[in-house]
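Asks: Quick one: the structure is below, questions incoming.
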Amino acid sequence: MTRTLSASLIESGTVSRLEDLELAGEPVANSTFALGNVAEMHIPAEEGALLTFLARLTSARTIIEVGALTGYSTMALAEAVGPGGSVITCGSTGKWAQIARTAWHRAGFTDRIEPIFGPATETIRAFPECPLFDLAFIDADKARYVEYWEALVPRVRPGGLLIADRMMSPQETGNARAIGEFDAYVQADHRVEPVLPTVTDGITVARKKPIQPQEAGR
């Protein structure tokens, strides 16, 4: 994880707005790093800028996130949906949730972020199994990525995106097998068109395919 943004990114303006939101600023970053080793789960600002870009590219207005930690990625997505948009985020509790809420308040995003506590899969399955979301972002328990994916795909609209973070974990980590199995699962999923950009720790970006005429009548 990189704590300082590269000068070229800052000068180009790629992350200037995210800095304004304190995504790359000291208050949120310091609170996250104070958590110790868990801070490694915090996405870097370069990835936050990419999330904002992808969400805007698809004109996303309703987003669901699995795994918020201290709210860094949530704000990147909230910036994209704009006023009147919605980011439903599942997962953060305790001290993590408090850091996130403080960051959301400072950024002026409390009106467009809805945290839901409890098991993420249960939260997702509580929504109707129809295309409710424009984008889904997964950055949580790697062993449950397939489980989250299966719950999310029916609820993302055709043409929408499903994004999974940390897809290039070092082989020596305990998550390597789960990530490998998930990647194979996504590559074989006929419902989506996936790519794996080598950004930070690697992210899977999958576009949900339009519904085919023969499938619409089922």
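The values are calculated or read from the model by the stated rules, or taken from the named source; none is laboratory data. Since this is a predicted model, take the numbers as computed values, not measurements. All Cβ positions, glycine included, derive from the backbone under ideal geometry; neighbour counts span all protein chains shown. Remember, those area values only see protein heavy atoms, side chains included, never the ligands or the DNA or RNA. Shrake-Rupley method; radii C 1.70, N 1.55, O 1.52, S 1.80 Å.
Asks: Only one residue in A100, A49 is over 13 Å from the mean Cα position of the chain (by Cα), among the aliphatic types (A, V, I, L, M) and crowded, with 19+ Cβ neighbours inside 10 Å. Which one?
Replies: A100
Asks: Hey, can you tell me all the residues within the range 117-139 that are among the aliphatic types (A, V, I, L, M) and free of Cβ contacts under 8 Å to residues at least 24 places away in the same chain?
Replies: A126
Asks: With the condition being among the hydrophobic types (A, V, I, L, M, F, W, C), modelled with pLDDT of 85 or more and open to solvent by 20 Å² or more (accessible area, probe 1.4 Å), I'd like the helices (runs of 4 or more DSSP H) fully within the range 107-218 carrying at least 1 qualifying residues.
Replies: Hits in the range 107-218: 145-152, 176-187.
Asks: Just a yes or no: is a residue in the range 58-70 assigned to a helix (DSSP H, G or I), open to solvent by 10 Å² or more (accessible area, probe 1.4 Å) and not charged (D, E, K, R)?
Replies: No, because not a single residue in the range 58-70 is assigned to a helix (DSSP H, G or I), open to solvent by 10 Å² or more (accessible area, probe 1.4 Å) and not charged (D, E, K, R).
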